[in-house]
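Trainee: Please read through the structure below; I'll follow up with questions.
Every number here is computed from the coordinates shown, using simple stated rules; none is lab data. From a predicted model like this one, the values you see are computed outputs, not experimental measurements. Neighbour counts are summed over all protein chains in view; Cβ atoms, including those assigned to glycine, are modelled from backbone coordinates with ideal geometry.
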Amino acid sequence: MIATLNRIAFFLIAAVFTAKAQLVTDDFNDGVIDTSKWGTSTFGSGTVTEDSGTLNLTNRGRIVCTTTFPLGIALDMRVTFSGAVSEEFKVVLRTDGAFGGAYGETLNGVVVALRPSVDKVEIIDFTAGGVYLQDVPYVLNTGLAYDLRITDDGSTLNVYVNDFTTPVATASTASNSGTKLSVYNREAYPPSNHITNIDHIRAVAYPLTEFQTWYESYHAGQGHQADPDADDNRNGLSNFAEFAFAVDLLSGQPMANILQAVSRNQLTYRRPKGKRLTYTLERKTSALETTWQTATPVTHYTETVVDEGTTELVQVNLTASPIARTYYRVRVAASAAP
């Protein structure tokens, strides 16, 4: 956005930087298991295949993500149970990814189990020897897709099924045996053709960033899927820019209203109060220049901040009127802090 007043031009840009990037995502659409993301193994009659847009775990098929995860993650997947209904489908967090024992089970970690055979959702601490932390009735029908979300902040796990606002099961444990994520089936004997079809798996760091929390205030349960570069309300500003300049995500504002030249020597903008955001004024004297220079406080400008409650009005006062047209932009970066 360029707003021109007399011989001054102001240019607004928002650049996002965040350490809370997506950790792993796979939509299983190419028909080939991505070995850069997943290691596979089986027990007994188990198989692991990818076709028709899903990853398919038959009987005791197992996968382990190659990614090293932080202690806190938010995990999304869509699963459908097909074939014979038998035993359970398990997602293992805080594990070293090892399997063993008489039935090829995970050897450690905290397990979220969906059990269509008995219509239950369970949270089990395998690191503590298989202690059941939660055992909740929940109907799981064959042939229906279930959107599963698991959030783990390192101490408390929440399990959501379809409804991302209210957890089906919650449990707290400090157990931690590793930085891997594994997913597998357990079927009864004899082999029963128990199949779990996984449409996608996506994981991001958790808890949510400030940007994700802001996005979730408009779209409940969708914060960790927020795309900072998208333009949800199509007003020409990215979602992150709207967060950084205190714009209502649903209604939006015209770009010209965000950064305003109120006089030859002053521009103003709003920002949310108390966020881990860094605002940098940059300048150049020609539109042909490719390099922006950081404006120097006092030498190039002074700044006045007016407290408006949840927002702040920033008044940027240029120290001297430029003789030639000068371009200014405000660059915004999110801190790497959580």
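Trainee: For the range 47-154, with only Lys/Arg (+1) and Asp/Glu (-1) charged at the beta-carbon, what is the dipole magnitude about the Cα centre, in debye rounded to 20?
Mentor: Dipole of the range 47-154, to the nearest 20 debye: 120 debye.
Trainee: Along the charge dipole of the range 22-207, which of TRP38, THR95, VAL168 sits closest to the positive end, that is, farthest toward it, with unit charges on the beta carbon of Lys, Arg, Asp and Glu (+1, +1, -1, -1)?
Mentor: About the Cα centre, the residue reaching furthest to the positive side is THR95.
Trainee: Can you bin the range 111-253 into rounded, prolate or oblate? Criterion: square roots of the alpha carbon gyration tensor eigenvalues sorted a ≥ b ≥ c, rounded for a/c under 1.5, prolate for a/b above b/c, oblate for the rest.
Mentor: Values: a/c = 2.69, a/b = 1.94, b/c = 1.39.
Cα axes put the range 111-253 in the prolate bin.
Trainee: Quick one: THR209, THR151, fewest Cβ neighbours within 10 Å first, how do they rank?
Mentor: THR151, THR209
Trainee: Okay, next question. Sorted by mean Cβ packing within 10 Å, highest first, what order do the peptides 86-99, 59-72, 303-316 take?
Mentor: Numbers: 86-99: 22.0, 59-72: 19.1, 303-316: 12.9.
Per-residue Cβ counts within 10 Å, averaged per peptide and sorted highest first, yield 86-99, 59-72, 303-316.
Trainee: Take GLU308, project a point 7 Å from its Cα along the Cβ direction, then tell me which residues of the range 216-249 have their backbone nitrogen under 17 Å from it.
Mentor: Under cut-off, by backbone N: 241-249.
Trainee: Given Cα pairs under 8 Å that are at least 6 residues apart, what percent is the relative contact order of the chain? Please list the in-between numbers first.
Mentor: Working: 848 pairs, mean separation 75.3, N = 338.
Rounded, it is 22 percent for the chain.
Trainee: In terms of the Cα gyration tensor, with a ≥ b ≥ c the square roots of its eigenvalues, is the range 22-207 rounded because a/c is under 1.5, prolate because a/b exceeds b/c, or oblate? Each step should come with its number before you reach the end.
Mentor: Values: a/c = 1.24, a/b = 1.15, b/c = 1.08.
Verdict is rounded for the range 22-207.
Trainee: Hey, another quick one. So for the range 22-207, averaging the separation of alpha carbon pairs under 8 Å that are six or more residues apart and normalising by length, what relative contact order in percent results?
Mentor: Numbers: 536 pairs, mean separation 61.7, N = 186.
Answer for the range 22-207 is 33 percent.
Trainee: When the Cα centres of the range 279-310 and the range 19-72 are compared, how far apart do they sit, in Å?
Mentor: Distance between centres, Cα-based: 47 Å.
Trainee: While we're on this one: How large is the helix-only mean residue ellipticity at 222 nm for the chain, computed as the sum of -39500 (n - 2.57) over DSSP H runs with n ≥ 4, divided by its residue count, in deg cm²/dmol to the nearest 500?
Mentor: Numbers: 2 runs with 13 residues, N = 338.
That calculation yields -1000 deg cm²/dmol at 222 nm.
Trainee: Based on the mean of other Cβ atoms within 10 Å per residue, sort peptides 116-126, 168-178 so the most packed one is first.
Mentor: Numbers: 116-126: 19.6, 168-178: 17.1.
Order by mean packing, descending: 116-126, 168-178.
Trainee: The list (1) 1.01; (2) 1.21; (3) 1.27 gives values of Cα Rg over 2.2 N^0.38 Å, and only one came from this structure; which label was calculated from it?
Mentor: (3)
Trainee: In a shell of Cβ-Cβ distance under 10 Å around LEU133, excluding LEU133 itself, what net charge do Lys and Arg (+1) and Asp and Glu (-1) give?
Mentor: Neighbour charge sum, excluding LEU133 itself: -3.
Trainee: Further question on the same structure: Give me the extension gain from ASP229 to VAL131: residue separation times 0.36 nm, minus the current Cα-Cα distance, reported in nm with one decimal. Working shown, then result.
Mentor: Numbers: separation 98, 0.36 × 98 = 35.28 nm, distance 4.28 nm.
Separation in residues times 0.36 nm, less the Cα-Cα distance, equals 31.0 nm.
Trainee: Report the gain in length on full extension from ARG331 to THR319: 0.36 nm times residue separation, minus Cα-Cα distance, nm rounded to one decimal. Walk me through the intermediate numbers first.
Mentor: Values: separation 12, 0.36 × 12 = 4.32 nm, distance 1.95 nm.
Net length gain for the segment: 2.4 nm.
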